[in-house]
1. Scanning for something outside any helix (DSSP H, G or I), under 26 Å from LYS47 (Cα atoms), open to solvent by 60 Å² or more (accessible area, probe 1.4 Å) and at pLDDT 95 or above, does the stretch 447-457 turn up at least one residue?
2. Out of everything in the stretch 463-511 that is open to solvent by 80 Å² or more (accessible area, probe 1.4 Å) and among the acidic types (Asp, Glu), what residue ends up being nearest to LEU392 (Cα to Cα)?
3. Determine, yes or no, whether ILE77 is touching an Asp or Glu at 6+ places or on another chain (Cβ under 9 Å), closer than 20 Å to GLY414 by Cα and of a type in the set (Val, Ile, Thr).
4. In the stretch 356-408, how many residues are assigned to a helix (DSSP H, G or I), open to solvent by 70 Å² or more (accessible area, probe 1.4 Å) and either modelled with pLDDT under 95 or of a type in the set (Gly, Ala, Ser) (or both)?
5. How many residues does the stretch 54-99 hold that are at pLDDT below 95 and either over 24 Å from ARG120 (Cβ atoms) or polar (S, T, N, Q) (or both)?
6. I'd like the full set of residues that are assigned to a loop (DSSP other than H, G, I, E, B) and open to solvent by 30 Å² or more (accessible area, probe 1.4 Å), limited to the stretch 35-59.
7. Within the stretch 133-142, how many residues are touching a residue at least 24 places away in the same chain (Cβ under 8 Å) and farther than 14 Å from PHE279 by Cβ?
8. GLY417 is checked against (1) assigned to a helix (DSSP H, G or I); (2) farther than 28 Å from SER293 by Cβ; (3) not β-branched (Val, Ile, Thr) and fails just one. What number does that condition carry?
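The values are calculated or read from the model by the stated rules, or taken from the named source; none is laboratory data. Since the structure is predicted, the reported quantities are computational estimates derived from the model, not experimental observations. Glycine also receives a Cβ, built like all others from the backbone with ideal geometry; neighbour counts cover every protein chain displayed. Only protein heavy atoms, including side chains, enter the accessible area calculation; ligands, DNA and RNA are left aside. Shrake-Rupley method; radii C 1.70, N 1.55, O 1.52, S 1.80 Å.
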Amino acid sequence: MLKIKLLFKNYWLLLVFLAFKMILQLIVVNPIYELHRDEFLYLDQAKHLSAGYISVPPLTSWISSIIFFLGGSVFWIRFFPALFGALTMLITWLMIEELGGKIYSKIVISCAMLFSVLVRLNILYQPNAFDILAWTSVFYFLVRYIRSEKPVWIFWLMLAFIIGMYNKYNIIFLLIGLLGGILLTDKRKILITKYFYISLLLGFLLLLPNVIWQINNRFPVYHHMMALKRTQLDYTNPISFLKDQLMFFSGSLALIVASFIAFIFYKPFKPYKVVGISFILVLGIFVLLKAKSYYAVGLYPVLLVFGGVYLDMVLSKVWKKYVMSFLILVNLIVFISIYQLILPVLTPSEIKAKKERFEKLGLLRWNDGQNHELPQDFADMQGWKEMASKALLAYRMIPKDERAQTLVFCDNYGQTGAVNYYNRNEMPEAYSANSDYIFWMPHMGEIKNILLIGKKPSDKVITMFADFKLEGTVDCENAIEKNTGIYLLIGASKDFTFEFYKTMDKRKSEFDIF
């Protein structure tokens, strides 16, 4: 009982911050917004568990299985990214204690984590939320190793990295940056210990199922990255990337600057300068590769920790109170001034009324490099329920004795996942030639009808059916999928099934699926 009382005495404030984080994440989404297109794909992966996927590594599919076990509601879909955000805060708190930080640094760093871009990333059920947790965990175990030089922390670091790899492959750039930082400091002695190579071997064995999957499937991660580069990364530029870095923790820039001052001038932190060097190296790699700006967000929690603890250590008790209070106030003011711009709290009409503010910060620029009416993520959270309900109405128009030979087919993964999520248990699973869905598609003996969601099919396809009809369109004004059609193609010709699967096989062999 005494231990429990002492534990609560020491960590009650942490529990308050964690509870506030969870509540904040669950209330900042305006009900007018639905799930995001990417979330639908990740949820569908729960039905097709595997050691790998075209789109992402398999960890997200395992979490999706838990979500459906819990009922599959929107609450649970939003719960897990919020949980990963809270766990990231927990890791930073433990790192603060490891470095000797006291209550002032704990409060200022927790506020910096709470009121930042992390709120945006912890809304969506995407690998990004866990990615930041994984990066922060790697740095935490690195700090533990540097402090103690106990080999066990090398193994924990490698485990955090491998779990991160099962979530999102871009953590490999963190490993490259860390290795570079280690080589450029006296920490290079880690590389000659047997424990380092044993941990590498264990890490490889843990990652082997996914490596084998990549080999057996001709390294789809490479084709995915090439498609990503062609359709999105080629539209980014280094200046925008670096500007965005200043925006992510704009209310806490003082802590980030303080961390680099500490790495250079504060003697107790000189053993940790590998962290600062790694930050610069990883950021440089991302600039060269024209990466999306948010790829680097996982680098910042550790800098906030070092900056906050440094100020906690060097400021006198009187100055500490005023400086830390000022930093918290600045962070709150900055967050309050921008939260309506970075979070889906305003309705689409309210966003359009404030278009200039969004445009000035580059928030209306989509992956195509052009400005639009809404931020892309917000537009991607509109119109899905309407699409699914109209698709279900169209499906019910097909005679019951023909439904077993009807294929529900969509143009892209967002449409497919939305129809599957909202119409689950009401109609057969939808498929697409896009992303993972093409590999999940069953080979039907004969396709008689198609419920098509997407663009109008070509005249060649239409002539292969006895009847073709547009049954509805997506009317949601602000949806990316506005004007998407719901079509019924009835009475396929004898040759259609063969020609359809021939086309699908060709697309799979050429990786023409992105």
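1. yes
2. ASP475
3. It is true that ILE77 is touching an Asp or Glu at 6+ places or on another chain (Cβ under 9 Å), closer than 20 Å to GLY414 by Cα and of a type in the set (Val, Ile, Thr).
4. 7
5. Residues flagged as at pLDDT below 95 and either over 24 Å from ARG120 (Cβ atoms) or polar (S, T, N, Q) (or both) within the stretch 54-99 amount to 2.
6. Listed by number, the residues that qualify are HIS48, LEU49, SER50, ALA51.
7. Total satisfying the criteria: 4.
8. Tallying (1) assigned to a helix (DSSP H, G or I); (2) farther than 28 Å from SER293 by Cβ; (3) not β-branched (Val, Ile, Thr), GLY417 fails exactly one: (2).
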